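Data block below; observations after.
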Amino acid sequence: MRRVLALLLLLPTLGALSRAQAPQPSMPVHVTLTRSPGLSADVRRALSDLPPDVRLGLLVRDLETGEVLEARDEGLSLIPASTVKLVTAAAVLLDRGDAGWWSTELTVPAGEQGRARASHLTLRGGGDPTLSTSDGPNSLRALAKQAAARGLREVGSVRLDDTRLNAAAWNDLVLGVPMTAVRLTDWSASPPASAAQARAWAGAALVGELRRAGVRVKSDVVGTSPRYIPPVLPPRRDERGRLLPPDPLIPVNQRPEQAVASVHSARPFRALADVLRPSDNLRSEELLASLATPPGTRTRALGVERAALRRLGVDLTGVQLADGSGLSRDNRLTARTLVDLLDRLYDVPYLRGEARAELPGQTYRARRNAFAEALPQAGVGGEVTGRGGTLAWRLKGVDVRAKTGTLPGVSALAGYMTAESGRVLGFALLMNGPRETPILTLRAVQDEVVEAVAGRY
C-alpha cells in the first residue's frame, strides 16, 4: 500500500520532468545513498556463537513502514535449502490465485459422446498434485462415478494423456522421482520409479474405479493418448475461384475428444500448507511441475517462477533457481530476495475466506493471509505434519510464521514475526558453512536472533 501511494504522489513530478528540458552536463547531480543500518548490539550478541567459517545473509524489515531494522550481507547469494519453497508457493499463488484449482478430465472420441459404449476412455491430467485414487470429490473414484452417471457402460480400453509434462526433462531432479501429468497422492510414501510405471499405476487405478462404478473395461492394457493435432482443412473456393473462409464444420472424426467427467482440486491453500509446514520435498516438486507451460519442461516451470518474482517486483540479483524443493545445491537466493517476496505477499495478500475492506496488517493479524498461514507456526508443539510443522518445537513464546531450510552445512529461516511492540516484521537468515557444520548450532543462533529482534522492536 505504501509503495502504491508513493508512486501516485510521484506521478505529477515525473510528468513534469518528462516535459522539462534535460539538464546540461555541467549541472551538478546530487545522489543520496542510504546506508544499511547494520546490526544492533542485541543481534550482534546473538550472532557471537556463529561458527567463524559460516557465511551469513540477514535482513529484517518492518512491513508497515518499509524500514530496514537489521541487515548484514543481505545481498549475498547463498544456498537457501528449503526456503526456496517460498518461491514455489508464491509462484503457485500467482498462477492459480487464491480461489483457483487444478482439474482432471475423462474424455471419449467426439463421435462417441453420449453413447453407452466407447472405444476408449482418456484420463487427461492437469498436473494436479492433490488428485487421489478414492479420497473425496477430487479423485479417480469421483470421475468414474460421473462417467457411469452419464450413461457410460462399457469401455474398450483406458488411455492416459501425459503430454502436458515432458517427463524426460525432469529426470535429473535430486529427488529422483518422475514428474508426470497424472499423479496420485497415494504414491507419496512409495512413488513410481519411472514415467512408464506412473502411467501404468494411474491407468490400473482408473480401471479399478470404473469397474467398481459398474463400467465394464474390456482391456487391462493402459495406452498413451496421442497429442491432438488440429486438422488442416482443404481450401474452399467460390464458383469464380476466389478463396473462401475455412469450413467451420470439422468432421466428427477429426474433432478433439469430449469430456464425460471432470473433477478439480480445492483452493491452493491446503496444498501449500501440506508442502510448507512439513517441508514436503516431493509435493513441492509436484507444485513446480504444475507450473510448467508447453512443452512441459523444468526449464519452463522455473521460468514461470522467475517471472512471478519479477511481477512482484522482487530483487532478482543473485537469484538462481534449480528446483522446487531446495534439495539442489545449485539454488541461490539472497536475504533481500526472500524479504522482498514476504513483503509483497504481505502488502497484497491472497486471502483465506471472503474479501473484506481491510489493511494488510489487519488481514495478517486476523490470520487471513493465505501465504503466511500456510507457513509453519513456531512453538505450538505437535507432529511435523501439524500446524507447527518444522517449527513446532522452536521459538516458543514468539509469534513467528516462517519456513525452515536444511542441507549439510546449510541452515535457513525466513518468514514473519510479530515483535513485542506489535510491529509485523519480515526476516530472513541464510547460513552457509562447511558440510560438517553442526546444524543444531546454526538453528540455535537463528532462534537467538529472532528472539532478540522480537524483544527489541
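The values are calculated or read from the model by the stated rules, or taken from the named source; none is laboratory data. Bear in mind that the values here come from a model prediction, so they are computed numbers and not experimental data. Note that each Cβ is placed from the backbone with ideal geometry, even for glycine, and that neighbours are counted across all protein chains shown. For the accessible areas, the whole protein counts, side chains as well, though only heavy atoms, and no ligand, DNA or RNA atoms are used. Shrake-Rupley method; radii C 1.70, N 1.55, O 1.52, S 1.80 Å.
Numbers for the structure displayed
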quantity	calculated
Scan of the stretch 57-83 for residues that are assigned to a strand (DSSP E or B) and either touching a helix residue (DSSP H, G or I) at 6+ places or on another chain (Cβ under 7 Å) or crowded, with 20+ Cβ neighbours inside 10 Å (or both), ordered by number	Gly57, Leu58, Leu59, Val60, Arg61, Leu69, Glu70, Ala71, Leu78
Residue check for Val68: among the hydrophobic types (A, V, I, L, M, F, W, C) and either in contact with a Cys (Cβ under 8 Å, 6 or more places away or on another chain) or farther than 19 Å from Met417 by Cβ (or both)	no
Any hit, the stretch 173-181, residues being in a helix (DSSP H, G or I) and out of contact with any Pro (no Cβ under 9 Å at 6 or more places or on another chain)	no
Meets criteria (open to solvent by 70 Å² or more (accessible area, probe 1.4 Å) and of a type outside the set (Val, Ile, Thr)) for Leu210	no
Scope the stretch 84-123; condition buried (at least 22 other Cβ atoms within 10 Å of the Cβ) and farther than 30 Å from Leu206 by Cβ; matching residues	Val84, Lys85, Leu86, Val87, Ala90
Tally, over the stretch 350-367, of residues that are of a type in the set (A, V, I, L, M), within 20 Å of Pro268 (Cβ to Cβ) and modelled with pLDDT of 85 or more	1
Test set (1) at pLDDT 95 or above; (2) among the aliphatic types (A, V, I, L, M); (3) closer than 30 Å to Arg329 by Cβ - Ala169 fails condition number	(1)
Matching residues in the stretch 128-166 - criterion: being under 19 Å from Gln258 (Cα atoms) and part of a loop (DSSP other than H, G, I, E, B)	Arg150, Gly151, Leu152, Arg153, Gly156, Ser157, Asp162, Thr163, Arg164
Candidate set from the stretch 439-457 (those that are free of Cβ contacts under 8 Å to residues at least 40 places away in the same chain and surrounded by fewer than 23 Cβ atoms within 10 Å (Cβ to Cβ)); member that is nearest to Asp73 (Cα to Cα)	Ile439
Residue within the stretch 22-30 that is over 24 Å from the mean Cα position of the chain (by Cα), of a type in the set (S, T, N, Q) and either assigned to a helix (DSSP H, G or I) or at pLDDT 95 or above (or both) present	no
Of the criteria (1) open to solvent by less than 40 Å² (accessible area, probe 1.4 Å); (2) out of contact with any Leu (no Cβ under 6 Å at 6 or more places or on another chain), which one Leu160 fails	(2)
Residue satisfying all of: in the stretch 382-434; assigned to a strand (DSSP E or B) and among the polar types (S, T, N, Q); farthest from Ser77 (Cα to Cα) among these	Thr418
Some residue of the stretch 188-196 being exposed (fewer than 14 other Cβ atoms within 10 Å of the Cβ) and either in contact with a His (Cβ under 7 Å, 6 or more places away or on another chain) or assigned to a helix (DSSP H, G or I) (or both)	no
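To keep it simple, each residue is scored yes or no on (1) assigned to a helix (DSSP H, G or I); (2) buried (at least 16 other Cβ atoms within 10 Å of the Cβ).
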residue: Gly326; (1), (2): no, yes
residue: Thr337; (1), (2): yes, yes
residue: Leu342; (1), (2): yes, yes
residue: Tyr346; (1), (2): yes, yes
residue: Pro349; (1), (2): no, yes
residue: Gly353; (1), (2): no, no
residue: Ala357; (1), (2): no, no
